[in-house]
Amino acid sequence: MIQQIQNLQIQVLAELPNLTNEEALIAYRNDILGKAGELTTILKWLKDLTPEERGTVGKAANETRDIITEAFEAERKRIKKDLIAKRLETEQEDVTVPFARERGSLHPITLVQREVEDTFIRMGFDIYDAMEMTTEYLNFDAVNVPKTHPARDMQDTFWLEGSGHVLATQTSCMQNLIMRNKSTPIRAIIPGRVFRNEDVDATHDNTFYQVEGIVIDKWIGIGHLKFTITTMLSDIFWKEVTIRMRPGYFPFVEPGVEVDFSCPFCDGVGCKICKHSGWIEFMGAGLIHPNVIREGWLDPEVYSGFAFGFGLNRLVMIRYGIPDMRYFMSPDVRFLKQF
Ligand code: PHE
């Protein structure tokens with residue numbers, strides 16, 4: 001019987017290197033060490049032997065089992081290693097080989113923002129980035145928004161944890177910083193992303209882009225505002241555009257105006273884009289309120305200025321005829337590829 005056990009061991013050790021994959025190895029292991037396996041069967045016979053025989057045969061059988069078990073384990077590791085080596089060899093990839101890459105394109109908001117920046121640069125303006133997170137002070141108090149103004153309400157403003165911080169609801173939150181940190185005369189535009197806690201529909205989003213403009217010097221009047229905006233719009237639409245102003249209320253300007261421009265598509269005759277009125281509502285503006293100038297550490301007796309703020313999304317929609325504001329924040333490449 002000992003002979004039989006030894007033969008089995010020799011046979012197994014000779015067979016193992018012939019196995020080339022893990023499934024075959026597992027199957028073979030089962031044939032030998034499994035419930036009905038050859039070695040298991042031999043071990044079962046032990047109980048029929050005399051106690052002396054059982055001692056010697058049992059010892060030999062256990063030794064063989066350990067040796068075989070270990071050999072199987074070693075074999076399993078070898079097979080795995082071979083497999084990895086083989087894959088490394090066959091699945092090599094030369095990452096330096098050039099491949100055709102599809103290029104993205106600039107977002108329409110970026111495109112128009114750059115055009116707007118260019119036209120203001122030509123007029124001698126500086127460009128600053130707006131902050132997306134700001135303070136309640138800069139967003140409201142510094143620009144003369146009363147403590148009780150409904151815009152501060154939970155409805156419109158995203159309040160941040162840790163009191164006193166908000167997501168900017170308007171790029172006007174940059175006015176105070178610019179006045180305090182830049183020397184006069186000031187001519188600047190500040191494009192930025194703003195956030196409002198509003199329901200989303202075709203013409204409203206909770207995240208959108210604005211461009212703030214601020215000019216401060218001695219003797220600045222509403223005529224400067226008119227010239228600046230007319231120039232910019234005529235540049236953007238490649239034709240003479242006229243503007244009109246209606247009274248409008250914004251706490252940081254006095255007088256405050258709503259600015260419309262003549263529809264560049266029908267030249268004021270009336271079309272779908274201007275809703276047959278000949279005019280397109282565009283932005284809020286006005287002469288900067290003395291309180292705001294004072295809060296910016298300048299003397300309103302000496303300095304005056306104008307400010308304006310418009311929604312870039314809206315300008316882009318008009319410019320390209322985009323019917324729904326929600327396209328801007330969606331990642332739909334079919335939309336983005338058109339620009
Ligand atoms: N901040 C105003 C808004 O978001 C726009 C505005 C800017 C109006 C500057 C007047 C002057 O509606």
With every protein chain present, what accessible area does K80 have (1.4 Å probe, heavy atoms only), rounded to the nearest 10 Å²?
100 Å²
GNM of the chain, Cα pairs under 10 angstrom: of G278, G55, G296, the biggest fluctuation goes to G55
Low-density loop cleavage sites - trypsin sites (Lys or Arg not before Pro) in the stretch 288-339, where at most 15 other Cβ are within 10 Å (DSSP)
K337
Sequence-separation-based contact order of the chain, relative, with Cα cut under 8 Å and 6+ spacing, percent
15 percent
Restricting the stretch 88-145 to GluC sites (Glu not before Pro) in coil, as DSSP defines it, with at most 13 other Cβ within 10 Å
E91, E93, E102, E132
Which listed pairs, of K59/K80; K226/K272; K44/K80, have C-alpha distances above 28 Å, in listed order
K59/K80; K44/K80
Taking 2.2 N^0.38 Å as the expected size of a compact globular protein, what ratio does the Cα radius of gyration of the chain give against it, to two decimals?
1.96
Identify the chymotrypsin sites (Phe, Trp or Tyr not before Pro) of the stretch 40-124 meeting these criteria: DSSP loop state and at most 15 other C-beta atoms within 10 Å of the C-beta.
F99
When the Debye formula is applied to the Cα atoms of the stretch 2-90, each taken as the same point scatterer, what base-10 log of I(q)/I(0) results at q = 0.14, 0.20, 0.23 Å⁻¹?
-0.54, -0.90, -1.09
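The values are calculated or read from the model by the stated rules, or taken from the named source; none is laboratory data. Predicted model, so just to flag it, every value in this text is computed and none were measured. Neighbour counts run over all protein chains shown; Cβ positions are idealised from the backbone, glycine included. Note: accessible area is taken over every heavy atom of the protein model, side chains too, but ligands, DNA and RNA are not part of it. Shrake-Rupley method; radii C 1.70, N 1.55, O 1.52, S 1.80 Å.
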